[in-house]
Structure formats: structure tokens, C-alpha cells
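Asks: First, the structure itself, so that you have it in front of you.
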Amino acid sequence: MRRLTGTTWRRVAVIAVSAVCVGYAPIAMTELWPYARPGAPAFGEWILGHMVSPRYVADALATRIEPYRHSLVPLIAHSVLGGLLMLLGPAQVLTAVRRRARLHRALGVVFAVTVYASMAGAAVYLARTAPEDAFSGAAFWIVLATILVGTVLSVTFGVLSAVGGHPDLHQRWMLLCYAFLLTAPLLRFEWGGLPLILPGLPMTEINRVATMHLGSVVAFGALIASRSLDRRRTIAGVTRSWAPPPVLAVAHLAGAAALFWIVRSCLDFGAPGRRLLLAYLLPYAATYAVMAFSALRTGREGRLWAREEWRLHWAALCLAPVLSAGAAPLFERTLRLDRLTAVSAGAAIGCGALATAATLVVSLRVMYAREVRKRAALTGVTTAARLSTPVS
């Protein structure tokens, strides 16, 4: 049996993601129609009702009538534009692969404008909805707000990178942006799949379980995609690591202490706490193992730039529980949340937020290296000019 090459895996991944996006687009566009016109087709509800049960869907969505009614127009705009973004993403990948630069830039402008418009609709909904009135509670409201900020920041940095002539950084930010957008279809997959593992739970509880890891999973996917597309062994100007062993050691110690606090806090709440904790720890452990292995392997192979990027994200992953542990008391006091909700909300946003921060550090690392190279070249030119100047 022939072994699949890296190129084949990338093609399979692109085809799979594109199929998910194209399939989800009509679901996103029609998801809120029944709230505006009762009886209107909603493909997502129909599919989910057949996958699990009509009662599972009806019980969850019955509570959404009042909160959605206050912001129905911006929500419909958000969902319709979100469906359009599902189609624009694969189109952008295809134009980049085919090297259709003009079409890629034109679609990129449409993509960015659509992201801002769609996120504006989501922002209006969040501003008009109290956290406790969000689907499955305040933790989901916090997660939605965090994803919104991450999406807007990543598309903004992506545009700035393109304008500044940094295609490698542009690619990283746009992949992260689209990864955050993919939380929508992936969440629907979990609504349909998790009841097989956790039978009897209502969709609101299934949603809480899913949000414990969804942000970290998509951010990790964006990192995998970035690394698979970047084949450079080194980057001129990158010498010392910004995440040397002492920094990694401190990050591990701080992360371990924070992770212990999160575990102990969740275990205080019996079965619900254990369920949320498991949904957080399993993807975290898998992501940690891949990052650690990749950082060590690329170092042994002499691929110094790959090692540096893996190390920076590895350190960020270690520090994610620190952010989560710090955010939980803040949520508990400012939003008056119960402790389990505050802890779960903090854990749900930590990995995604630190992955965004790590992408920013990687961008700064690349830009700093280029500045070092420019200064070295300028120094070389100046020195050569001095040596060539005749002595009078």
C-alpha cells in the first residue's frame, strides 16, 4: 500500500474542509428564517432532528424565540453573510493555489468586508443580549464574544500583512481567521455527534461540553495548516530563540499550577464538572503532545524556523491555563456568575486567546528578523562605501 505524501494529505484536508464549508453554507443562511417567518425551511434543524431526535432540537430552540426577537435583523445578516464566508474561504484557497493573484486580491477584499459586516451583526446581538440569556448560558456568551474579537483581529492583521508585503504572515492570519469562522459548522457537528457519547443530555449541556475545546481545536488546526505550507528551514535574521528552554520551563511550571487549580475547581462540582473537565483536558493533552513532539523533532532535524514557531505556540499553550485561571475569578465577580460557569468560561477561551497571541509573537519574530537583516545589509553597504573612499 502506497504511503500518502504530505502533498496528498494537504489536498485531502483542503477537499474535506471545502466540502464542510460548502455543505454548511445553506444551513447557515437559512438557520434563522423560521424565527422571522414560522414554517420557513431550516435545513440545519431538519438534519439535526433526524440525527438525534426532533424533541432534542425543539426543546433547545424553543428558548431562543425571545432573545433572538430583539436582534433578529442583525442575526439574520450575520448568518447569511456567514454562509457566504463559508463559500469565499475555499474560493480564496483555490485562487491562491492556482496563483490567480488578481482574483485572489479581489475576493480577499470581499472576504474582509464580509467578515466585518457579519461580525457587526453578531456584535449587535451580543450587546443586546444579557450573558445569562445566551444559548446554554453566560459561558457561551463569553466564548462567542471572544471568537468575535479573535476573528476581527485576525482578519485585520491579515489585511495589514498583505498591504505591508508580508505574504507568509498574511497567510497565517487568514488561516486563523477562517479557523475561528469554522467554529460554527464544527459546533453543529458536535451537536449531532456528542449525543452518541453523552446520551440523554439536552442540547444546552452538549453545547457547554463542545465549547470547552472548540476554540483551541480550530486554532490548533490553523497552526497545522500554517506549518504544512511553510517549508522554510531557516529565516535570515532569526538567530536566538524567543522561547529558549528556561522560558519553556517557566511556562510549564506556571501552566501546571494553573491547570491543577482548574482541575480541582471542576472536580468540586461532581458529574457536570467532570464532564466539562474531560472535554477540556483531552484535546489539550493531544495538542500539547503534538506541539512538544514537533518542536523536538524539528530541532533534531535542523529545521530551526519550524522549531521556533512550534516553541512559541508550545509556550503559549502552557500559559493558556494561566489566562483561564485568572479570567475565572474576574468573570465570577464582574458578571456575577456561579463558580463552575466562570471556570468553564475561562477554560473555554484560554487556548484560543493564547494561540492568537502566539501568532502575533510569531509575526513580530519574523518582522524583527527582517529588520535585523535590513540593518545588516545597510551596515555592509556603509562599510563598503567607506573602504572604497580614497584617502585624501
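All of the numbers you see were taken from the coordinates with simple rules; none came from a lab. Because the structure is predicted, anything quoted here is derived from the model rather than measured. Using ideal geometry, Cβ is built from the backbone for each residue, glycine included, and neighbour counts are taken over all protein chains shown.
Asks: Quick one: is residue 36 closer than 20 Å to residue 121 by Cβ, in contact (Cβ under 8 Å) with a residue 40 or more places away in the chain and touching a Ser or Thr at 6+ places or on another chain (Cβ under 6 Å)?
Replies: It is false that residue 36 is closer than 20 Å to residue 121 by Cβ, in contact (Cβ under 8 Å) with a residue 40 or more places away in the chain and touching a Ser or Thr at 6+ places or on another chain (Cβ under 6 Å).
Asks: Next question. Please specify each residue of segment 30-56 satisfying the condition of being buried (at least 17 other Cβ atoms within 10 Å of the Cβ) and touching a Gly at 6+ places or on another chain (Cβ under 8 Å).
Replies: 30, 31, 48, 52, 56
Asks: Please pick out the residue among 208, 227 that is closer than 16 Å to residue 292 by Cα, under 24 Å from the mean Cα position of the chain (by Cα) and charged (D, E, K, R).
Replies: Among 208, 227, only 227 is closer than 16 Å to residue 292 by Cα, under 24 Å from the mean Cα position of the chain (by Cα) and charged (D, E, K, R).
Asks: State yes or no: is residue 120 of a type in the set (Gly, Ala, Ser), at negative phi and free of Cβ contacts under 8 Å to residues at least 12 places away in the same chain?
Replies: no
Residues checked against (1) closer than 24 Å to residue 214 by Cα; (2) in a loop (DSSP other than H, G, I, E, B); (3) free of Cβ contacts under 8 Å to residues at least 40 places away in the same chain; (4) not polar (S, T, N, Q):
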position: 99; (1), (2), (3), (4): no, yes, yes, yes
position: 102; (1), (2), (3), (4): no, no, yes, yes
position: 124; (1), (2), (3), (4): yes, no, no, yes
position: 140; (1), (2), (3), (4): yes, no, no, yes
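Asks: While we're looking at this one, here's another question. Go through segment 119-166 and give me each residue that's within 17 Å of the chain's Cα centre (by Cα) and not hydrophobic (A, V, I, L, M, F, W, C).
Replies: Answer for segment 119-166, where residues must be within 17 Å of the chain's Cα centre (by Cα) and not hydrophobic (A, V, I, L, M, F, W, C): 146, 150, 151, 154, 156, 158.
Asks: Take residue 108 and decide whether it is within 30 Å of residue 230 (Cα to Cα) and without any contact (Cβ under 8 Å) to a residue 12 or more places away in the chain.
Replies: Answer is no for this residue.
Asks: Another one. Given the options 180, 157, 135, name the one that is assigned to a loop (DSSP other than H, G, I, E, B) and either touching a residue at least 12 places away in the same chain (Cβ under 8 Å) or in contact with a strand residue (DSSP E or B) (Cβ under 8 Å, 6 or more places away or on another chain) (or both).
Replies: One residue alone meets the criteria, 135.
Asks: Still on this model: Would you say residue 25 is assigned to a helix (DSSP H, G or I) and touching a residue at least 12 places away in the same chain (Cβ under 8 Å)?
Replies: yes
Asks: Given the conditions (1) surrounded by fewer than 18 Cβ atoms within 10 Å (Cβ to Cβ); (2) over 22 Å from residue 370 (Cβ atoms), and given that residue 177 satisfies all but one, which numbered condition is not satisfied?
Replies: All conditions are met except number (1).
Asks: Looking only at segment 209-253, which residues are assigned to a loop (DSSP other than H, G, I, E, B) and of a type outside the set (A, V, I, L, M, F, W, C)?
Replies: 213, 230, 231, 232, 233, 234, 237, 239, 240, 241, 244
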